[in-house]
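> Have a look at this one before I ask anything.
Throughout, read-outs are computed from the coordinates displayed, never taken from laboratory work. Only a predicted model underlies this, so the values are computations on that prediction, with no experimental measurement involved.
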Amino acid sequence: MRKTRMLGATGTALVAALGAGACYDFDGARQRCSDEGRCEPNVAACTPVPGEDLPDDAFADTDCDGVDGQADAGLFIDPMDGDDDAGVGTRLAPLRTVGRALAMLRELDGGPRHLFLAGGAYDEAGLVLDVPVSLHGGYAGRSGGWRRAANRVAMFDAGTLGLTVQGLQDAGVLMEYVQVSAATATGPGEPSIAVRMVDSSGVRLRHVTLAAGAGARAPLARQGTRAWAAPTEAKGRAEASATPIRAWVGRLSPSPAQMASNPRAAWV
């Protein structure tokens, strides 16, 4: 009887199928309904396990709320099916961007500590993680019922600086099932950094891929009408020793012999 009420929206098709003597797959229909976000999680067959349901590698829903993790302790983000204007961060009304979720958390005191990320591409450059919240990728998103699997990675790929973690001291922050990529730099002396840690500690990375592009060459160092390129990593010391210049700009410091031979030089 419970199953019949649950599938009432399919009334006409169901009556026709049963009238023709056909068998109806109640369990399959219920699963499709849940996967498409049209039904509440089916908790009847789930036995809750005492304790907090933290996202784990078994992807187990131990508190029987329909997701791996505690649904009411986090915000849901779906880059394909979310909405930063109308969304509120729930399973049925997810946000679209991590940037919007972080902005919401900065306005709260003691808010959610987890971001549940649907797999897919997040075109968000220069994100700053400065609130104590963990990033959990691997979810199927709203259309997939927020089921979780290892191949549903949240991919951040925009700009030469992917993500900055700032001001989080032993905050218990975890990043998992996430990929952060940084583009190859083009501006003079510009670096390419996937994740930058600033004044932070205790940040854990699990099942995370970090990929940085190539950094750009440093600008030329000039004195008068002559110019010398800053030394490369491999040949810097040899070039510095062989080139009689008065000013050197680069990643390698001059040798004591160079400084002694040019006591009035400006070494930068």
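> Amide H neighbours of Arg196 under 5 Å, at least 5 residues apart or on other chains, H built in the peptide plane: list them.
Leu163, Thr164, Val165
> Give the Cα extents of region 44-150 along the principal axes, in whole Å, largest first.
So the extents along the principal axes, rounded to whole Å, are 41, 29, 24.
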